[in-house]
Amino acid sequence: MKVTVGPAQYIRNSGLLEDAGRYIKKFGKTAALIGGQISRGLVEDSLRKSLSEHEILLKHSLWYGGESSQANIDRLVADLKDEQIDVLITTGGGKAIDTVKAVAYQLNKPLVAIPTIAATCAAATPITILYSNDGEFIGIERKSKAPELVLVDSEIIMNAPVRFLIAGIGDTLAKWFETKSSVKKATPTILNQTAVAIAGQVYQTLLQIGKKAVTSVRTQTVTKELEDVIDTIILVSGSVSGYGGDDCRTAGAHAIYSGLTIFPEVHHTYHGEIVAFGILAQLCMENTCEDELKELISYYQEVGLPFTLKQMGITNLTESQWQKLGEITVTIEDMANMPFEVSPEMVIDAVRQADEIGNGMLSGVLHS
């Protein structure tokens, strides 16, 4: 049995970036920073200054490439394999962090993650989600590593566009719905039952304080609710798959997310926003009563998550596009975690049903 539960160390504080060098120095004297264009701009000056104060040289600052793709991973490995670098530092969102997790695995280097948004649990998991260079989902890469250290500056998260936090809430809500489905196929153990319990707590936490955390970002105030939600999204949710392993993986909601990425128009919608809609479709596949879906959609309306295809830019799909969506979605390995066999027709029906219920709720808002 092998269990990887989150990063070796997680530190979250307001203004933490200015003291990052104190925590990173134990990994060596030379570093490379890899991340998004915007995120590196946000952290590089303060990080370089703090590293210098602790006699660490930041030798390189590199763009990760824009997609968590095999091509970008291979390019970065080739660029750095002959360099004298003691530690890799990654910054940005999930795709940037996932890319560098795979690079660090191949180079066998310590990894420090500095998320600049709270939109996924990428910083706390040992897997990389692979996409094509055009943003279509490819698969899950396990030649990846969890960071040795995650540094979260809650001021940086607060200053990011609020939509990222909302997307993080959507992605993290899925932990409960997917875990309680996927675990049905497993023999109960202390590990997978602990994962289910954590997933339930994650869900309740988001229901109770998610809206307050969103308000904290809108009012530019670091509050306890915001920091609790940051920890929930980045760290605690990652421990669900950490403890549960393959028994408590992503399921229908993430499979539907991956299927929807075949449509270029959805690429402007964030991962967690699409996953949130995927939850609704998964619930439809599970024949969940409509009132339960409406209750969840009401929460989506409170925090600002999408609940119709049109809200994600998808309109007027042809029958062949519907068929392609169904056929591709059932090939996604996440779908195999559902406790029953899923056909393309079941996917199509579920997505249509979720969209119909969502449009009904949207119509109700417009006419109220």
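What to note about this one:
- Selected residue (criterion: least open to solvent (accessible area, probe 1.4 Å)) from residues of region 15-40 that are part of a helix (DSSP H, G or I) and in contact with a Lys or Arg (Cβ under 9 Å, 6 or more places away or on another chain): GLY21
- Residue that is surrounded by the most Cβ atoms within 10 Å (Cβ to Cβ), among those in region 103-153 that are assigned to a loop (DSSP other than H, G, I, E, B) and in contact with a Gly (Cβ under 7 Å, 6 or more places away or on another chain): ALA118
- Filter result for ARG12 (open to solvent by 60 Å² or more (accessible area, probe 1.4 Å), in contact with a strand residue (DSSP E or B) (Cβ under 7 Å, 6 or more places away or on another chain), modelled with pLDDT of 95 or more and in a strand (DSSP E or B)): yes
- Test for VAL77: is it aliphatic (A, V, I, L, M) and closer than 20 Å to LYS145 by Cα: yes
Matching residues to (1) over 15 Å from TYR257 (Cα atoms); (2) in a helix (DSSP H, G or I):
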{"residue": "LEU317", "(1), (2)": "yes, no"}
{"residue": "TRP322", "(1), (2)": "no, yes"}
{"residue": "GLY326", "(1), (2)": "no, yes"}
{"residue": "ASP334", "(1), (2)": "no, yes"}
{"residue": "PHE340", "(1), (2)": "yes, no"}
{"residue": "ASP355", "(1), (2)": "no, yes"}
{"residue": "MET361", "(1), (2)": "yes, yes"}
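- Qualifying residue in region 75-85 (condition: among the polar types (S, T, N, Q), without any contact (Cβ under 8 Å) to a residue 12 or more places away in the chain and farther than 25 Å from GLU273 by Cβ): no
- Selection status of ILE262, open to solvent by 10 Å² or more (accessible area, probe 1.4 Å) and part of a loop (DSSP other than H, G, I, E, B): yes
- Qualifying positions in region 159-180 - in a helix (DSSP H, G or I), surrounded by fewer than 23 Cβ atoms within 10 Å (Cβ to Cβ) and not aromatic (Phe, Trp, Tyr): ASN159, VAL162, ARG163, LYS180
- So PHE307, is it among the hydrophobic types (A, V, I, L, M, F, W, C), at pLDDT 95 or above and more than 28 Å from THR194 (Cα to Cα): yes
- Failed item, numbered, when SER258 is tested on (1) of a type in the set (Gly, Ala, Ser); (2) touching a strand residue (DSSP E or B) at 6+ places or on another chain (Cβ under 9 Å); (3) at pLDDT 95 or above: (3)
- As for region 219-242, it holds no residue that is of a type in the set (Ser, Thr, Tyr), farther than 19 Å from ALA119 by Cβ and assigned to a helix (DSSP H, G or I).
- Tabulated pairs, region 130-156, first touching a residue at least 24 places away in the same chain (Cβ under 8 Å) and within 16 Å of GLY94 (Cβ to Cβ), second assigned to a strand (DSSP E or B) and polar (S, T, N, Q), C-beta under 6 angstrom, 6+ apart or interchain: GLU141/THR128; SER144/THR128
To keep it simple, each residue is scored yes or no on (1) touching a Pro at 6+ places or on another chain (Cβ under 8 Å); (2) assigned to a helix (DSSP H, G or I); (3) modelled with pLDDT of 95 or more; (4) surrounded by 15 or more Cβ atoms within 10 Å (Cβ to Cβ).
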| residue | (1), (2), (3), (4) |
| --- | --- |
| LEU42 | no, yes, yes, yes |
| SER50 | no, yes, yes, yes |
| GLU55 | no, no, yes, no |
| SER61 | no, no, yes, yes |
| SER68 | no, no, yes, yes |
| ASP74 | no, yes, yes, no |
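One line per residue, one yes/no per condition, for (1) under 25 Å from the mean Cα position of the chain (by Cα); (2) surrounded by 15 or more Cβ atoms within 10 Å (Cβ to Cβ); (3) under 29 Å from GLY139 (Cβ atoms):
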position: GLN311; (1), (2), (3): yes, yes, yes
position: SER320; (1), (2), (3): no, no, yes
position: MET346; (1), (2), (3): no, yes, yes
position: ASN359; (1), (2), (3): no, yes, no
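- Inspection of region 295-306 identifies no residue that is more than 23 Å from ILE166 (Cα to Cα) and of a type in the set (A, V, I, L, M).
- Evaluation of THR4 against the conditions (1) β-branched (Val, Ile, Thr); (2) at pLDDT 95 or above; (3) assigned to a loop (DSSP other than H, G, I, E, B) shows that the sole unmet condition is (2).
The values are calculated or read from the model by the stated rules, or taken from the named source; none is laboratory data. If you're wondering where the values come from, they're calculated on a predicted model, not measured in any experiment. Neighbour counts run over all protein chains shown; Cβ positions are idealised from the backbone, glycine included. Surface areas here come from the heavy atoms of the whole protein model, side chains and all, with no ligands, DNA or RNA. Shrake-Rupley method; radii C 1.70, N 1.55, O 1.52, S 1.80 Å.
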